[in-house]
Amino acid sequence: MTAVAAGRGDGSRSWWHRRVESAESAARLKPVAPLRILFGNRSMASLVVAFAGVTIAEWGYVTALAVSAYRHHGAIAVGLIGLRLFFAALGSIATVSFVHRRPGGRLLTQIAVLRAVLVATSAGLVAAGVPLAPLLVLVTLDAIVSSPYRPAQSALIPTLARTPTELAASAAGLSTVKTLSQALGAVLGGFLLEVVAPQYVLAGAAVIFLGAAAITLRFRRPRVGSVEASSAVGVRTVMRDTVRVARDPHVTGILVASGLRTFVRGMWVAIAVIASLRFLHAGSGGVGLLMLAAAVGSLHGHRRDGTAAAVIA
């Protein structure tokens, strides 16, 4: 890494080199230290709490929906729910224009509100006992809607961080929050399903989405001097930006790596549900425990290789 930087010869440093150096400094900290730094900044703390909320809600309702789908429709249904991530990946490319042309705070709020509506609608359909197909459509739409959240969040962070230390801590801290929130959401979704009907778990997730939207309301107005700008986004603009991103040789490798990672994540959810219900006979609570075990392993991996986790986050 140092050799690459030295080989530039002009003494300048790219954004990537600065990010790697920031990630390395964050990785030297204990896992809790980045969170302590972030919560010292009220704005960054709000961003972290909102992100934790949407992640808990997503993994809680997806776990409950996957377990319910397996019980009523079999393993294929679980795989179809996991397929939502494929459409989310396609949607993330097409939403590049929105991320760059709309204020990040406003987009975060809009995404959370729309997800709350979609999940609440799913809860009503589950309560009405509708077939699986409409639920698959809604969960796929939710995945597509959620795809711009992380890019919009990343675009907002530089305007909220007050120091380079806070900027570095955001990479490691948000990665840790994501891992913990995924595990907590899966655990809650699995264990709540043991005592309440699936529609109530989905309704609770919708409420959490609304709470996250309320938290990010404070970011609707960009700070003075912020690079955020709102402008109209047409179909032609979306298509042009999508083609530009797809043709970028530096982006291709990232897209492939991210796609493989998402593929494995989708498989893991399906495997956890099937293994817990069919082979371990541990019920929906067992799904949450398997997710919790995965989170412990992931956190251990972050501690062993914090630099890579921070950079990718």
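The values are calculated or read from the model by the stated rules, or taken from the named source; none is laboratory data. All values reported here derive from a predicted model rather than from experimental measurement. Note that each Cβ is placed from the backbone with ideal geometry, even for glycine, and that neighbours are counted across all protein chains shown.
Val224 passes every criterion in (1) modelled with pLDDT of 90 or more; (2) assigned to a loop (DSSP other than H, G, I, E, B) apart from (1).
Determine, yes or no, whether Leu167 is at pLDDT 90 or above and assigned to a helix (DSSP H, G or I). No. When Ser175 is tested against (1) over 19 Å from Ile215 (Cβ atoms); (2) more than 14 Å from the chain's Cα centre (by Cα); (3) polar (S, T, N, Q), exactly one condition is not met: (2).
Only a single criterion out of (1) more than 21 Å from Leu156 (Cα to Cα); (2) at pLDDT below 80 is not satisfied by Val99, namely (1). Entry remark, segment 141-156: residues being closer than 11 Å to Leu85 by Cβ and not in a helix (DSSP H, G or I) number 1 in total.
Taking each residue of segment 263-278 that is within 14 Å of Ala77 (Cα to Cα) and looking for partners that are outside any helix (DSSP H, G or I) and modelled with pLDDT under 85 with beta-carbon atoms closer than 8 Å, six or more apart or interchain, yields Gly266/Leu83. When the residues of segment 265-283 are narrowed to those that are at pLDDT 80 or above and of a type in the set (Gly, Ala, Ser), which ends up surrounded by the most Cβ atoms within 10 Å (Cβ to Cβ)? So the residue we want is Ala272. Per the conditions (1) among the β-branched types (Val, Ile, Thr); (2) farther than 25 Å from Ser298 by Cα; (3) modelled with pLDDT under 90, the sole criterion not satisfied by Ile81 is (2).
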